[in-house]
Amino acid sequence: MKRVSLTQYLVEEQRLNNTIPAELRLLIEVVARACKSISHAVGKGALGDVLGSADTENIQGEVQKKLDVISNEILLQANEWGGHLAAMASEEMESIHPIPNRYPMGEYLLLFDPLDGSSNIDVNVSIGTIFSVLKAPEGMGTPTEQDFLQAGARQVAAGYAVYGPQTMLVLTTGHGVHCFTLDREMGSWVLTERDMKIPQATKEFAINMSNQRHWHPPVQRYVSELLAGSTGARGKDFNMRWIASMVADVHRILNRGGVFMYPADVRDTSKPGKLRLMYEANPMAFIVEQAGGAATDGVRRIMDIEPTQLHQRVPVFLGSKEEVDLVSRYHQ
Ligand code: AHM
Ligand code: MG
């Protein structure tokens with residue numbers, strides 16, 4: 001089989017669809033390189049002294065793991081010097097990170113969750129990096145948080161890396177979803193699957209069932225019907241999977257279908273759900289839609305939400321279209 005590298009894919013995609021100008025190509029290659037470094041650090045585990053807590057808290061009030069901090073640093077450093085970015089924003093940083101003056105400023109904004117699935121870091125379960133790319137608004141001066149507050153529909157690229165038995169990079173620039181596998185010996189990303197498509201129908205769902213008693217009625221109804229199986233309203237049996245790493249759960253859904261849910265619940269109305277819109281839900285929604293699936297917050301398409309805060313949370317229902325449509329109908 002002829003090997004297509006990430007670079008070759010990006011160059012050919014630009015020729016074909018004109019969606020990856022040189023600066024964006026550099027951006028994607030730099031992010032991919034950073035993910036390679038993160039993958040390396042993750043793979044070292046205890047041998048690299050990267051496990052355990054960093055004894056600091058991030059803006060979400062969560063205790064940071066060492067790998068959260070390391071991954072954030074890797075992404076920041078990798079992306080500062082290239083001249084492709086105006087600013088970055090991260091789950092791990094309260095405010096945006098403008099490109100330092102000593103480097104030229106580019107026209108893109110990069111958002112990321114440097115290491116998603118933090119609770120799985122120390123137990124050797126798949127984790128990942130999620131990223132989203134926006135264009136800086138026309139005529140932007142010094143970048144501010146406001147410049148990042150664009151609906152997900154305006155993303156020009158999005159992707160994730162999953163650090164599992166294999167390290168993979170899944171990418172979209174708006175022309176389908178493509179998967180690259182890291183060749184660890186060669187240190188290169190190789191295209192291993194073009195045009196990933198999510199089956200429209202599924203018998204698999206993913207939700208943290210331990211929160212069941214807190215859910216709102218539409219989610220209660222939907223999940224109880226799934227649980228009732230072939231004897232209930234749905235007339236078929238469903239299977240459940242929950243990895244507690246969104247990247248790994250979404251990756252499974254991209255490959256064989258399923259519906260992923262992280263709903264809002266009655267506990268704390270200031271926190272509508274757990275996941276963050278700008279660097280978790282939006283990039284995943286872009287990928288899922290590009291693969292033929294759907295992504296909503298129950299009532300709205302995720303990518304249509306006009307953000308008001310960098311770190312805002314959002315309920316998430318995404319994956320196989322038939323199931324996302326049904327759970328959305330129950331919210332109406
Ligand atoms: P994180 O960004 O702090 O790692 O949190 C996000 C993660 C998602 O990857 C995953 O879907 C969810 O949190 C798991 O939540 P729970 O702990 O309720 O299972
Ligand atoms: Mg996360």
Q. Name the residues in the stretch 223-263 that are open to solvent by 20 Å² or more (accessible area, probe 1.4 Å), within 25 Å of Ile59 (Cα to Cα) and either more than 9 Å from ligand 1 (Cβ to nearest atom) or in contact with a Lys or Arg (Cβ under 8 Å, 6 or more places away or on another chain) (or both), would you?
A. Ile243, Tyr262
Q. From the list Ser90, Ser119, Ser132, which residue is open to solvent by 30 Å² or more (accessible area, probe 1.4 Å) and on the phi < 0 side of the Ramachandran plot?
A. Ser119
Q) Within the stretch 133-141, is even one residue in contact with a helix residue (DSSP H, G or I) (Cβ under 6 Å, 6 or more places away or on another chain), over 17 Å from Lys36 (Cα atoms) and within 16 Å of ligand 1 (Cβ to nearest atom)? A) no
Q: Would you mention how many residues in the stretch 113-169 are free of Cβ contacts under 8 Å to residues at least 60 places away in the same chain and in a strand (DSSP E or B)?
A: 2
Q. So which pairs qualify, if the first residue must be in the stretch 9-31 and outside any helix (DSSP H, G or I), the second must be among the small types (Gly, Ala, Ser), the Cβ gap must be under 6 Å, and the two must be at least 6 apart or on different chains?
A. Thr19/Gly174
Q: Of the conditions (1) surrounded by 15 or more Cβ atoms within 10 Å (Cβ to Cβ); (2) touching a residue at least 12 places away in the same chain (Cβ under 8 Å); (3) not assigned by TED's automatic domain parsing to the domain that holds Met240, His175 clears all except one; give me its number.
A: (1)
Q: Could you please find all residues in the stretch 97-112 being part of a strand (DSSP E or B), within 20 Å of Gly139 (Cβ to Cβ) and either open to solvent by less than 20 Å² (accessible area, probe 1.4 Å) or in contact with a Gly (Cβ under 7 Å, 6 or more places away or on another chain) (or both)?
A: Tyr108, Leu109, Leu110
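The values are calculated or read from the model by the stated rules, or taken from the named source; none is laboratory data. Given the structure is predicted, the values throughout are model-derived calculations rather than measurements. All Cβ positions, even for glycine, are placed from backbone atoms using ideal geometry, and neighbour counts span all protein chains on display. Only protein heavy atoms, including side chains, enter the accessible area calculation; ligands, DNA and RNA are left aside. Shrake-Rupley method; radii C 1.70, N 1.55, O 1.52, S 1.80 Å.
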